[in-house]
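The values are calculated or read from the model by the stated rules, or taken from the named source; none is laboratory data. Note that the coordinates shown come from a computational prediction; the quantities given were computed from them, not determined experimentally. Cβ placement follows ideal geometry from the backbone for every residue including glycine, while neighbour counts extend to all protein chains displayed. What goes into the accessible areas is simple: the full protein's heavy atoms, side chains included, and nothing from ligands, DNA or RNA. Shrake-Rupley method; radii C 1.70, N 1.55, O 1.52, S 1.80 Å.
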Amino acid sequence: MSRRQHTIIRLSETASTNNDALRLALAGETLPLWVTAERQSAGRGRAGRIWVSDAGNLHASVAIRVAAPPALAGQLALVSGIALYEAVRAAARPAKNIGLRLKWPNDLLLDGGKIGGVLVESTTQGDGSFFVSVAGFGLNIVSAPDLLGRAATSLRSAGVETDRETLLPVLANEMEVWLERWDAARGFGAVREAWMKRAGPVGERITFNSGQGPVHGTYQGLNETGGLVAEVEGKRETITFGDVMLAAAADTSDDG
């Protein structure tokens, strides 16, 4: 049951729902505000990568106002990832043994293939005591793009039949729930635990890009602010930005 009526702007096509949501937020629209489109002509992921936006899949962004230090805005990728995970899990019922999991910092995987992702963009306003943030969601519902060196999948491929109009209000509700639990970073401890329960096991082999080349280690969870902790050659390192690959994909992909 919906917690409240969400404001959703529905478009047939746009360049980027993130751009639209941020523009409307800065123009004074009441927040939270959702923007969704059947197609995006300039959808993007992290680090400026292109996000293929096929019709029938979910492309949606929510703009919110957050009274927290802007330095903690990156935690919203984890909050949003949990919300997307829960929305997909709800859509999958009563499907059994759906292999759904999160991958740091912003990917949703299904049976090892990328099924969705989150792009969070933020800007401060006024005296810097709050910021406006946009969380953009991409989810492969009916089809998956061909990704160079990476596996991708869709809900339909997993035998889950749903559509974006069904999923969007569920996602909006889940986002509201997890934003309340996050509580402008005051509740990040609970979010951290929830995220780790939905991710891979501690000790999982990973590879990340250090700037000097690939580094191999094992996943050790998240730290108290949301950075990924890895053990590398017996030492613990914290990763705050960059691409992380799972062991199964590390030999074939240079992308996160």
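Residue-by-condition table, conditions (1) under 14 Å from R198 (Cα atoms); (2) at pLDDT 90 or above; (3) surrounded by 24 or more Cβ atoms within 10 Å (Cβ to Cβ); (4) of a type in the set (D, E):
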site	(1), (2), (3), (4)
P70	no, no, no, no
Y85	yes, yes, no, no
R93	no, no, no, no
I98	yes, no, no, no
V118	no, yes, yes, no
S122	no, yes, no, no
G126	no, no, no, no
F130	no, no, no, no
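Contact map, the stretch 129-143: residues that are more than 19 Å from A73 (Cβ to Cβ) paired with residues that are among the acidic types (D, E), Cβ distance under 6 Å, separation 6+ or inter-chain. Pairs shown: S143/D54. Restricting the stretch 50-68 to residues that are crowded, with 20+ Cβ neighbours inside 10 Å and among the small types (G, A, S) leaves a set whose member that is nearest to P145 (Cα to Cα) is S53. Give the residue that is nearest to A158 (Cα to Cα), with candidates limited to residues of the stretch 138-147 that are assigned to a strand (DSSP E or B) and open to solvent by less than 10 Å² (accessible area, probe 1.4 Å). Looking at the filtered set, the residue picked out is L139.
For the stretch 190-212, taking the residues that are hydrophobic (A, V, I, L, M, F, W, C) and open to solvent by 50 Å² or more (accessible area, probe 1.4 Å), the one that is nearest to the chain's Cα centre (by Cα) is identified as A190.
Taking L24 as the residue in question, decide whether it is open to solvent by less than 90 Å² (accessible area, probe 1.4 Å) and either at pLDDT below 95 or in a loop (DSSP other than H, G, I, E, B) (or both).
Answer is no for this residue.
Please verify whether the stretch 225-233 includes one or more residues that are acidic (D, E), more than 19 Å from V66 (Cβ to Cβ) and assigned to a helix (DSSP H, G or I). There is no residue in the stretch 225-233 that is acidic (D, E), more than 19 Å from V66 (Cβ to Cβ) and assigned to a helix (DSSP H, G or I).
Assess whether V134 counts as being under 15 Å from the mean Cα position of the chain (by Cα), buried (at least 22 other Cβ atoms within 10 Å of the Cβ) and part of a helix (DSSP H, G or I).
Values: under 15 Å from the mean Cα position of the chain (by Cα): yes; buried (at least 22 other Cβ atoms within 10 Å of the Cβ): yes; part of a helix (DSSP H, G or I): no.
No; evaluated as a whole, the condition is false for this residue.
Note on the stretch 148-164: residues that are open to solvent by 40 Å² or more (accessible area, probe 1.4 Å) and either touching a helix residue (DSSP H, G or I) at 6+ places or on another chain (Cβ under 7 Å) or at positive phi (or both) amount to 1.
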